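Worksheet: the structure to be examined is printed underneath.
Rule-based calculations on the coordinates, nothing more; no lab input. Bear in mind that the values here come from a model prediction, so they are computed numbers and not experimental data. All Cβ positions, glycine included, derive from the backbone under ideal geometry; neighbour counts span all protein chains shown.
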Amino acid sequence: MATTAKEEMSRFWEKNTKSNRPLSPHVTIYKWSLPMAMSITHRGTGVALSLGVSFFSLAALLLPEQFPHYLAMVKSLSLGPALIYSAKFALAFPLCYHTWNGIRHLV
């Protein structure tokens, strides 16, 4: 006769308690290293790029005007050079980092 999932889990935890096994280590236990930080940054930039492409695709589909109209709106805001360069960096960094880190990983 088969056991239920509850019985299996109960047996598993009893065995773990009796054998005094340690639990799996958590992220806070590990000492941070460069490869770990690069891996996390690579995943973060991948998510950011995915969300960015999805957002701009939806905007292109749903917004009523064409791209030049929205570009003219941004230009009319007369944003300072510091903000413009910061925005350009925020757009370019994830793409560059994710691409070059992916190539480094493949090599």
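Return, ordered by residue number, the residues of the range 51-73 whose backbone nitrogen is under 18 Å from a label point located 7 Å along Cα→Cβ of residue 83.
70-73
Size of the dipole of the range 5-70 about the Cα centre, Lys and Arg at +1 and Asp and Glu at -1 on the beta carbon, nothing else charged, in debye to 20? List each step's numbers first, then the result.
On the way: 7 positive and 4 negative charges, 107 e Å.
The calculation lands at about 520 debye.
For the Cα atoms of the chain, what angle does the longest principal axis make with the long axis of helix 67-76, in degrees from 0 to 90, nearest 10?
It is inclined by approximately 80 degrees.
Could you tally the net charge around residue 98, taking each other residue with its Cβ under 15 Å from the Cβ of residue 98, Lys/Arg +1 and Asp/Glu -1? Spell out each step's value before the answer.
Numbers: positive: 43, 104; negative: none.
Charge balance near residue 98 sits at +2.
Top mean-square fluctuation among 55, 93, 12, Gaussian network model of the chain, C-alpha springs under 10 Å?
Answer for the Gaussian network model of the chain: 12.
Quick one: Debye curve from the alpha-carbon atoms of the chain only, equal weights, vacuum; give me log10 I(q)/I(0) at q = 0.12, 0.20, 0.24 Å⁻¹ to two decimals.
-0.73, -1.13, -1.29
In whole Hz, what ³J(HN,Hα) sequence does the range 86-91 give by Karplus (6.51, -1.76, 1.60; θ = phi - 60°), x for Gly and Pro?
5, 5, 4, 5, 5, 7
Per DSSP H run of at least 4 residues, take -39500 (n - 2.57); add these up for the chain, divide by its residues and hand me the 222 nm value, nearest 500 deg cm²/dmol.
Calculated at 222 nm, the ellipticity per residue is -25500 deg cm²/dmol.
Mind checking which lysines have their Cα closer than 17 Å to the Cα of residue 6? Skip sequence neighbours fewer than 8 apart in that chain.
By straight Cα distance, residue 6 reaches 15.
Suppose we keep just the alpha-carbon trace of the range 1-60; what are its Rg and Dmax in angstrom?
21.5, 60
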